[in-house]
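Below: the structure, in structure tokens.
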Amino acid sequence: MSTSRPTAELRDGAAVLAVAIDAGEVLRLRYRLANDGEVPLAVFDRGTNQRPGGGVFRIDLEGEGDASIAQTGLPLPDPAPTRPILPLARVLPPGGSAEGELLVPTPVEAPARDAGGRFGMVQARRVRYCLGVADFVEEDFVDRGEGVWMPTLRVIEQGQRILCTPWFDPARGRFAE
């Protein structure tokens, strides 16, 4: 990754995530994930069972004006839907790496409820990128073909690790220190 743009690097066990962000009319987020461990990693960046494909993400409101650009699995809500939304994953072998890019319209907006319970959009003042990973054990995943795997709910609720960058300020073009 180029060092001319704001970058962040973080590690969670065997997973090493490097992220570079270019802020402008579109927030261009480039990431690289490396597997420095001894077991394969599932990387939840292939969309969902209802919206397959790379580059699929959701935006979650986090407190007062902060938003996470997320490629993670979510635990089941209560009551549970008939057809839960599950992330799709690619598998990184030990020593392997993968890259991806997300294009996020700016200003970044996240869905929120107002005091009256109505949904609306809130403009985010800071954003961060979050990526879900899990150790890949084949019996805990369903092969969707073409190198794409869908985890069981148990993986999402008990085995997923979420890597998040520091907060990024699009107006200033840099990560928080």
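Kindly establish whether R32 is out of contact with any Asp or Glu (no Cβ under 6 Å at 6 or more places or on another chain), under 25 Å from D143 (Cα atoms) and at pLDDT 90 or above. Let's see the steps before the verdict.
Working: out of contact with any Asp or Glu (no Cβ under 6 Å at 6 or more places or on another chain): no; under 25 Å from D143 (Cα atoms): yes; at pLDDT 90 or above: yes.
Taking the combined requirement at face value, the residue does not satisfy it.
Considering the conditions (1) at pLDDT below 90; (2) surrounded by 12 or more Cβ atoms within 10 Å (Cβ to Cβ), P77 is excluded by exactly one of them, (2). If you go through the range 76-120 and keep only what is of a type in the set (D, E, K, R) and either part of a loop (DSSP other than H, G, I, E, B) or closer than 16 Å to I59 by Cβ (or both), you end up with D78, R83, E109, R113, D114, R118. Under the condition of being touching a helix residue (DSSP H, G or I) at 6+ places or on another chain (Cβ under 9 Å), modelled with pLDDT of 95 or more, under 28 Å from L61 (Cβ atoms) and not β-branched (V, I, T), the residues counted in the range 133-164 number 2.
Here the range 63-74 is the region considered, the condition is being in a loop (DSSP other than H, G, I, E, B) and in contact (Cβ under 8 Å) with a residue 60 or more places away in the chain, and the residue that is surrounded by the most Cβ atoms within 10 Å (Cβ to Cβ) is G73. Here G100 passes the criteria (1) modelled with pLDDT of 90 or more; (2) farther than 25 Å from G173 by Cα except the one numbered (2).
The values are calculated or read from the model by the stated rules, or taken from the named source; none is laboratory data. Please read all numbers here as calculations on a predicted model, not as lab measurements. FYI the Cβ positions are ideal-geometry reconstructions off the backbone, even for glycines, and counts take in every protein chain you see.
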